[in-house]
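Asks: What follows is a structure written as structure tokens; I'll ask about it next.
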Amino acid sequence: MNIVWLQISSLIYMTILLILYYSSKRIVTTETKIFKGIMLANEIGLLIDLSCFYTVSHAKTMPILAAISTRLLLVYYLVYVSLFTIYLFFVVRTNSMQKEKRHKMMKMFLAFVGVAIFIACILPMKYHNSDGAIYSYGISVDFMYYVYSLIIVMWVICIILNFKRIIKKKLLPIIILVVLGTIVGIIQKSYPELLLMTAADTIVTFIMYFTIENPDVKLIQELNIARDRADKANDAKTEFLSSMSHEIRTPLNAIDGFSQLILEEDNINTIKDEAKDIMAASKNLLEIVNGILDISKIEANKLEIVNVEYEPAKIFDEVGKLAKSRIGSKPVMFKEHIAPDLPDYLDGDYTRVKQITLNLLTNAVKYTKDGYVDYSVRCVKQDDVCRLIIMVKDTGIGIKTENIDKLFNKFERFDKENNITIEGTGLGLAITKKLVDLMGGKIIADSRYGVGSIFAVVIDQKIVNKVKQHEVVEKENRTTFDFARVLVVDDNKINLKVASKLLDLYHIKADLVESGFECIEKIKSGTIYNLILMDDMMPQMSGTETFKKLKEIDNFNVPVIALTANAISGMKEKYLNEGFNDYISKPIDKKELERVLNTYLN
Ligand code: ADP
């Protein structure tokens, strides 16, 4: 009867443990799910064990129930050790193995256990019931011990192979459990009347609960992981800020320096040269800011592709010229081949196509000290689709094989010690890859360290069947708006000056005001304007609020164009929805301004 008390007390302990387990909030991982299975299996196993004791002692009157319960007990033993095996495998190997390989191994193991359970159920079994000892024996039970021994061998191999990891992950209790399982197995085989196995499983489960599966320990582990992640994110942010402030300060320094020189300079040619340098530096600055914006859009999943009609030859030629101008005085030859059979018009996001190409070319130019940069654009046409193949090859510093896979990660910059003088943010290729993906294309890179690199982008664009137009019209319309009077509203004096100078190019009379209030006053005073350029982000009264007030004025029908430096996607739609006639982003692009002037002043 003592033995029954062992099972009963185990059952009570196990039930308490289950209540404890379910009453505390837990982290859910694959291991904890398997551990839950282990606990439930043990609880059920203990019940089966007790029922075996009863049915076998009354085997004569209930032979079928005795047969069922004893076989169920065999099934339980195999299920328990299998669950423990899977658990062991997961805690020691989880991260280091590929998912598919892990699934394949699991499937093989479960198939093996399934077959073993089936065989154990059909092999013959006998019962012993005398001198107070009740147990089952026979080929079926022996077979179960063989399988059990095989599984123990698997445990030992798993532990030997992963010993370092077990020590590192503080999983020493696992070894104790394996030793305990082996000893209990041997004792049970030698003294079957002891019926130790299920109660021993309870002890194993208990040890697991209070060591590796302890909710507090798990929580602390998870907290540590979360803290490490937060630390890493913080470090990355600090590094990003410091590299960004350096990147932003470099062109700012040029702008500031050259502006001071211009103020002291009388020679008009020198002034023009310096102004060109200022323009190059501000373009560089704009690219950096746009890069940061793009990355934040990628992170918010807001990067969009806007397809419009464009002339590919023109775009690729422009990009080539721009890249070539960035070579400066380096002994680098720029080879360019743009396929003459490119369609006249394509439908796609040309600003992004330009950005992708320029990025690859700028990198090639930046990371090549001498030799050449070879830029080619080819196309393969099928029906109304044109497959663009953009290739950029250089004889630059190259990229180490181990870094090729990391090329498209954001903030990754390699060989920093050799590239200390080369400006960069490590964002270009991450953005490029995302853009290519969004366009449904592919980007590949190959490189030999110290020899050179090659980047290829393949994107499909829709062909627009249209006869090529001549550009004469555009140029004829350009400078003659001397009849027009435009009101520019912006709280920033420099912005007003830039706008006024730009409008001057078209002989437009511009009135400049610094607030929405002044704007309303001007209109109310009866001054007639042909167009209003309205900055949105102004203190006290925003451009949008000013516009609402303007619309309340009787007979107000001047076209109003929204101006903003906030260039996140969806801005154009936002302003058009507000009722603005059009939208221009700052810094004002001359072509954009020309488009707006042609539309509203003609
Ligand atoms: P960055 O602004 O630093 O150039 P990118 O994302 O464009 O950022 O490139 C990431 C890194 O990849 C660069 O810092 C550089 O180490 C490496 N790289 C990119 N293109 C080339 C190239 N053509 N030759 C050599 N290294 C390159």
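The values are calculated or read from the model by the stated rules, or taken from the named source; none is laboratory data. Keep in mind the model is a prediction, meaning the values are calculated, not measured. Every residue, glycine as well, gets a Cβ built from its backbone with ideal geometry; the counts of neighbours run over all protein chains shown. Just so you know, the surface numbers come from the protein's heavy atoms only, side chains and all, with ligands and any DNA or RNA stripped out. Shrake-Rupley method; radii C 1.70, N 1.55, O 1.52, S 1.80 Å.
Asks: Look through Ile584, Ile588, Ile532 and report the one residue that is closer than 20 Å to Asn495 by Cα, open to solvent by less than 80 Å² (accessible area, probe 1.4 Å) and assigned to a loop (DSSP other than H, G, I, E, B).
Replies: Result of the check over Ile584, Ile588, Ile532: Ile588.
Asks: Taking Asn403 as the residue in question, decide whether it is more than 30 Å from Ala339 (Cβ to Cβ) and either in contact (Cβ under 8 Å) with a residue 24 or more places away in the chain or outside any loop (DSSP other than H, G, I, E, B) (or both).
Replies: The answer is yes for Asn403.
Asks: If I filter region 335-380 down to residues being at pLDDT 95 or above and among the basic types (Lys, Arg), which single residue comes out as farthest from the chain's Cα centre (by Cα)?
Replies: Only one residue tops the list, namely Lys335.
Asks: Between residues in region 311-336 that are under 16 Å from Asn284 (Cα atoms) and residues that are outside any loop (DSSP other than H, G, I, E, B) and open to solvent by 50 Å² or more (accessible area, probe 1.4 Å), which pairs lie under 7 Å by C-beta distance while being six or more apart or on different chains?
Replies: Listed by first residue and then by second, the contacts come to Val319/Lys354.
Asks: Of the conditions (1) away from the ligand (no atom under 11 Å from the Cβ); (2) in contact with a helix residue (DSSP H, G or I) (Cβ under 9 Å, 6 or more places away or on another chain); (3) open to solvent by 60 Å² or more (accessible area, probe 1.4 Å); (4) of a type outside the set (Phe, Trp, Tyr), Glu417 fails just one. Which one is it?
Replies: Of everything listed in (1) away from the ligand (no atom under 11 Å from the Cβ); (2) in contact with a helix residue (DSSP H, G or I) (Cβ under 9 Å, 6 or more places away or on another chain); (3) open to solvent by 60 Å² or more (accessible area, probe 1.4 Å); (4) of a type outside the set (Phe, Trp, Tyr), Glu417 misses just condition (2).
Asks: Looking at Ile397, Ile454, which is the one that is surrounded by 13 or more Cβ atoms within 10 Å (Cβ to Cβ) and over 28 Å from Leu342 (Cα atoms)?
Replies: Criteria check complete, one pass: Ile397.
Asks: Being more than 8 Å from the ligand (Cβ to nearest atom) and not charged (D, E, K, R) is the filter here, so list the residues in region 384-398 that pass it.
Replies: Initially, region 384-398 is screened for residues more than 8 Å from the ligand (Cβ to nearest atom), giving 384-391, 393, 395.
If the condition is that a residue be more than 8 Å from the ligand (Cβ to nearest atom) and not charged (D, E, K, R), then Val385, Cys386, Leu388, Ile389, Ile390, Met391, Thr395 are the ones that fit.
Asks: Same structure, new question: Within region 277-316, which residues are open to solvent by 70 Å² or more (accessible area, probe 1.4 Å), more than 19 Å from Thr362 (Cα to Cα) and in a helix (DSSP H, G or I)?
Replies: Glu299
Asks: While we're looking at this one, here's another question. Considering only residues that are of a type in the set (A, V, I, L, M) and part of a helix (DSSP H, G or I), look in region 25-45 and name the one that is most open to solvent (accessible area, probe 1.4 Å).
Replies: Checking each candidate, the answer is Ile44.
Asks: Taking region 399-414, which residues are more than 6 Å from the ligand (Cβ to nearest atom) and within 21 Å of Ile327 (Cα to Cα)?
Replies: Just the residues of region 399-414 that are more than 6 Å from the ligand (Cβ to nearest atom), to begin with: 400-406, 408-411.
Of everything in region 399-414, nothing turns out to be more than 6 Å from the ligand (Cβ to nearest atom) and within 21 Å of Ile327 (Cα to Cα).
Asks: Only residues in region 412-423 that are among the acidic types (Asp, Glu) count as the first member; pair them with residues that are open to solvent by less than 60 Å² (accessible area, probe 1.4 Å), Cβ under 7 angstrom, at least 6 apart or cross-chain, and list the lot.
Replies: These pairs meet every condition: Glu412/Gly426; Asp415/Ile397; Glu423/Glu247; Glu423/Thr250.
Asks: Using the structure shown, decide if Val4 is at negative phi and either among the small types (Gly, Ala, Ser) or assigned to a loop (DSSP other than H, G, I, E, B) (or both).
Replies: No: the conditions fail for Val4.
Asks: Also: Is region 96-104 home to any residue that is over 25 Å from Gly132 (Cα atoms), touching a helix residue (DSSP H, G or I) at 6+ places or on another chain (Cβ under 8 Å) and assigned to a helix (DSSP H, G or I)?
Replies: yes
Asks: Residues in region 320-333: is at least one over 33 Å from the mean Cα position of the chain (by Cα), part of a helix (DSSP H, G or I), surrounded by fewer than 16 Cβ atoms within 10 Å (Cβ to Cβ) and away from the ligand (no atom under 16 Å from the Cβ)?
Replies: Within region 320-333, one or more residues are over 33 Å from the mean Cα position of the chain (by Cα), part of a helix (DSSP H, G or I), surrounded by fewer than 16 Cβ atoms within 10 Å (Cβ to Cβ) and away from the ligand (no atom under 16 Å from the Cβ).
Asks: Now for a different question. Please find, within region 198-220, the residue that is surrounded by the fewest Cβ atoms within 10 Å (Cβ to Cβ) out of those that are assigned to a helix (DSSP H, G or I) and free of Cβ contacts under 8 Å to residues at least 12 places away in the same chain.
Replies: Asp216
Asks: On to the next question. Run down Leu171, Leu195, Leu177 and say which single residue is under 28 Å from Leu6 (Cβ atoms), at pLDDT below 85, in contact with a helix residue (DSSP H, G or I) (Cβ under 7 Å, 6 or more places away or on another chain) and buried (at least 16 other Cβ atoms within 10 Å of the Cβ).
Replies: Sole residue among the options that is under 28 Å from Leu6 (Cβ atoms), at pLDDT below 85, in contact with a helix residue (DSSP H, G or I) (Cβ under 7 Å, 6 or more places away or on another chain) and buried (at least 16 other Cβ atoms within 10 Å of the Cβ): Leu195.
Okay, residues lined up against (1) under 18 Å from the mean Cα position of the chain (by Cα); (2) farther than 30 Å from Asp347 by Cα; (3) modelled with pLDDT of 90 or more:
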position	(1), (2), (3)
Thr401	no, yes, yes
Lys433	yes, no, yes
Val451	no, yes, yes
Ala456	no, no, yes
Lys466	no, no, no
Ala484	no, yes, yes
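Asks: With respect to the numbered conditions (1) under 23 Å from Asn290 (Cβ atoms); (2) of a type outside the set (Asp, Glu); (3) touching a Leu at 6+ places or on another chain (Cβ under 8 Å), which one is the sole condition not fulfilled by Arg595?
Replies: Here Arg595 clears every test but (3).
Asks: Then there is this: For region 591-602, enumerate the residues that are in contact (Cβ under 8 Å) with a residue 24 or more places away in the chain, part of a helix (DSSP H, G or I) and open to solvent by 40 Å² or more (accessible area, probe 1.4 Å).
Replies: Once the filter is applied, which keeps residues that are in contact (Cβ under 8 Å) with a residue 24 or more places away in the chain, part of a helix (DSSP H, G or I) and open to solvent by 40 Å² or more (accessible area, probe 1.4 Å), region 591-602 yields only Tyr600.
Asks: Same structure, new question: Step by step: first the residues of region 535-560, then only those that are polar (S, T, N, Q) and not in a helix (DSSP H, G or I), then the one that is nearest to Leu503 (Cα to Cα). Which residue is that?
Replies: Ranking the qualifying residues of region 535-560, first place goes to Asn557.
Asks: Can you confirm whether region 420-436 contains a residue that is more than 8 Å from the ligand (Cβ to nearest atom) and touching a Gly at 6+ places or on another chain (Cβ under 8 Å)?
Replies: The answer is no; no qualifying residue exists.
Asks: Pairs please, first residue from region 362-384 and within 30 Å of Asn465 (Cα to Cα), second anywhere and open to solvent by 60 Å² or more (accessible area, probe 1.4 Å) and part of a helix (DSSP H, G or I), Cβ atoms under 9 Å, 6+ apart in sequence or on different chains.
Replies: From residues that are within 30 Å of Asn465 (Cα to Cα), the pairs are Tyr375/Lys324.
Asks: Regarding region 175-186, can at least one residue be identified that is touching a strand residue (DSSP E or B) at 6+ places or on another chain (Cβ under 9 Å), part of a helix (DSSP H, G or I) and more than 14 Å from Tyr87 (Cα to Cα)? Reasoning before the result, please.
Replies: Step one: list which residues in region 175-186 are touching a strand residue (DSSP E or B) at 6+ places or on another chain (Cβ under 9 Å), which gives none.
No: zero hits.
Asks: Return the residues of region 85-135 that are open to solvent by 30 Å² or more (accessible area, probe 1.4 Å), in contact with a Ser or Thr (Cβ under 8 Å, 6 or more places away or on another chain) and in contact (Cβ under 8 Å) with a residue 60 or more places away in the chain; say none if nothing qualifies.
Replies: Answer for region 85-135, where residues must be open to solvent by 30 Å² or more (accessible area, probe 1.4 Å), in contact with a Ser or Thr (Cβ under 8 Å, 6 or more places away or on another chain) and in contact (Cβ under 8 Å) with a residue 60 or more places away in the chain: Tyr127, His128, Asn129.
Asks: Looking at Thr362, Thr357, Thr368, which one is within 16 Å of the ligand (Cβ to nearest atom), of a type outside the set (Gly, Ala, Ser), farther than 27 Å from Leu438 by Cα and surrounded by 15 or more Cβ atoms within 10 Å (Cβ to Cβ)? Don't jump to the end; show me each part of the working.
Replies: On the way: Thr362 fails: farther than 27 Å from Leu438 by Cα; Thr357 fails: farther than 27 Å from Leu438 by Cα.
When all the criteria are applied, what remains is Thr368.
Asks: Could you run through region 132-164 and say how many residues are touching a His at 6+ places or on another chain (Cβ under 8 Å) and not β-branched (Val, Ile, Thr)?
Replies: 3
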